[in-house]
Structures are given as structure tokens and as C-alpha cells.
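Enquirer: Input: one structure, supplied below.
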Amino acid sequence: MENPLMTQPEAMAGGGQYNEHSTAQLSAAARALPLLRSAAAVVPPTSGGSLTVADYGCSEGRNSLAPMRAAIEEMRRVHSTDAPISVVHTDLPTNDFSSLFATVADDPGTYAGPAVYTSAVGRSFYRQILPPRSVSLGWSSIALHWLSAAAGPLDGMWYTDGTQSQRERWARRAGDDWARFLDARGRELLTSGRLVIVVGSADAAGNSGAETVMTTLKRVADDMTGTGRLPTTSLTPIPAWYRTAAEWHAPFPHAAFTLDHFEEVVLGDPIAEQNVEGDRGQYARDVAEAIRVSFGPSLLAAIPHEDRAAIEHELFTERLTDAINQDTTVGFDWRLAIMMLSRRDAVGE
């Protein structure tokens, strides 16, 4: 049945929940750290000698600590050890920035140190966030699969559920959003600045690697609807799109950026890899929690606030966990796109 509800993405679950249940995203970010280090070693400072690192899509910050630490270490190696370095974390206005600042202040893996200045901006990264020509190095990890908004109705909750015409409309939105992201970053980055991106990607058929989990989630949600636990069409389509390699390459050549590096990496299932004892029950709980903290806020956005906690618990913690535990074919097979872009000379723009 077509779901007519339209939605913009919601921020990830707060209160420390995303930090706790986003180990797969942490594994993904680690794959791009060597590229980030190489970028940090060559980026320019501002005319005043300071450097600015922008983190596009920070959530609660735990997964940003190692990348920011790596970038700062390289900048300190190349530039003065007391050069001011500004780290600007950005996310949606509803993001839990209190948890972000607490994480940066208190986590043993923090990047905080002398002459390092942390700040945050609550604004969609599909708009310009920072002043023109102010950013030395940009970083975005497992964030660009989110669209600026759902592109229209969808027969289901996940983008691969759509009809051909629906998917074509969503693909156009994904292409437009990618172009908008690049245009906004092109205004912010200094000439010769670098932008490093690691993001969930799709195979040639357009599949993300989460389809078996999302199909299972849809089935248990339909069961809840059938028993009256969920109102019909109360779930909003998740406003996400996993782009293929061709879709990532589509804007290039680009007026503001050169694409210096692009690779696709099969990430597989980090949650399964971390489950060294092979405990299927624990695996099922971990997958359900990972889906809940990432996609749950957007999926349940239309449900009245007073009902949401109980429905969320039943849908994810109980029903999805049980369904995954019972079906060993359900799991992830994520793939990544990792890229580095250089800001072209701005003369003539």
C-alpha cells in the first residue's frame, strides 16, 4: 500500500543512544582515516594562520572523535604546534548537541587539547552552513545517504520498496541533493581545501545491503498494523537513498571540485564481526538497536509523542529482535563509497 506521508529526516536518537549503538558506522569511518590523514597534511590555513575542520553530520560525536583526532595530529605535524584549530560539528537543529559536547569533553578518545576549539551548528548540510572560504578540511561520515526530504509517496518504508516511477523520482531527489551538498561545500572551502567523504553506497542494482533487515522490519510493522497496534499508514517513508557509483560520479567534472579519489569498499556486517561468540540472540538485539537509533526517529515521526516510546519498544526491541533471531538469513551486507575532493582555484567564480 502506498504511504502518502512526507517527511524530512529526523536527527539520530539522542541521550547517548546513537553513541552506544552505532558501532557499524564507527567501523565505516575507520576505513577512510588514511585518506583523511593525507588530506589533513596538505590543506591550507586561513590568511590568519588558523585551520578549520568541518564535520558534516556529527550526531552525538563518538564516531567523530577518531577522525578529528587524526586530522589534528596531521595538521600539528605540518603546521605550528600552537596554530589555532577550529573543529565545527554540524547536524540537524534537533540533534542532541548536549551529548556531543559532553562526549568531546569527557570521552577518553577525545581530540580536545590546547589551541583546539570546538563549536557546533544546527543546520542541514544541504545549505551553506559556514562562512565563505573559511574551511580548510571537510569530513562527512555515514551521513549523505540521508535526503533533504522524502521525494514523494513510496510503496513501503525503504527506498527499494518503491515502484519504478517512485524510485525514479527519489533518484532525482538524491541527484539534486548531492549537487546541492557540493555547491554548499564549494562556497565554504578554501581554495586547495579538501573534502573527505565516507558514505553508504549501493551496488549496481541500487541495493544498499540492508534489504533483508528492512524487509523484516516492514513485515513486523505490517503485523502490528494488522493487530491494531499501529494505525494504517502511520509510518513515514525513511528519507534515505543509497547512491550507486554512477550516481556519485554524476556531478563531475564539477565547477568547484576535482574528484581526486573514489573507491568502493565492501564493509559487510560489522555487527556480525563484533559478535565473536556467534550469539544469534545478541546479534539480533544489536541489529534491531542499530536500526532503531538510526532510522527509528524518521520512521516513527508521525506517531503521537505520547504513543511513540511504547510503539518503538514493541516494534524494534521486541518484534524486530525476535524476527531476526529466528531467521539466520537476515543481516547486513553494507558497502561504502570513499572519496576525496579538492577545492579548485576560486578565481573567476
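One line per residue, one yes/no per condition, for (1) at positive phi; (2) under 25 Å from the mean Cα position of the chain (by Cα); (3) of a type in the set (Lys, Arg); (4) not in a helix (DSSP H, G or I):
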| residue | (1), (2), (3), (4) |
| --- | --- |
| 302 | no, yes, no, yes |
| 315 | no, yes, no, no |
| 318 | no, no, no, no |
| 321 | no, yes, no, no |
| 328 | no, no, no, yes |
| 332 | no, yes, no, yes |
| 335 | no, yes, yes, yes |
| 338 | no, yes, no, yes |
| 345 | no, no, no, yes |
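Enquirer: Quick one: count up the residues across region 290-316 that are charged (D, E, K, R) and surrounded by 23 or more Cβ atoms within 10 Å (Cβ to Cβ).
Expert: Adding up the residues that qualify gives 1.
Enquirer: Within region 54-90, count every residue that is assigned to a strand (DSSP E or B) and charged (D, E, K, R).
Expert: 1
Enquirer: Within region 91-136, work out how many residues are within 19 Å of the chain's Cα centre (by Cα), among the aliphatic types (A, V, I, L, M) and part of a strand (DSSP E or B).
Expert: Total satisfying the criteria: 2.
Enquirer: Can you name every residue in region 57-72 that is out of contact with any helix residue (DSSP H, G or I) (no Cβ under 8 Å at 6 or more places or on another chain) and either among the aromatic types (Phe, Trp, Tyr) or surrounded by fewer than 19 Cβ atoms within 10 Å (Cβ to Cβ) (or both)?
Expert: 69
Enquirer: Please enumerate the residues belonging to region 98-126 that are among the small types (Gly, Ala, Ser) and out of contact with any Gly (no Cβ under 7 Å at 6 or more places or on another chain).
Expert: Matches in region 98-126: 98, 102, 105, 109, 112, 113, 115, 119, 120, 122, 124.
Enquirer: Another one. From the list 120, 150, 54, which residue is aliphatic (A, V, I, L, M) and surrounded by fewer than 20 Cβ atoms within 10 Å (Cβ to Cβ)?
Expert: None of the other options fit; the residue is 120.
No value in this document is a laboratory result; all are computed from the given coordinates. The structure displayed is predicted, hence computed values, not measured ones. FYI the Cβ positions are ideal-geometry reconstructions off the backbone, even for glycines, and counts take in every protein chain you see.
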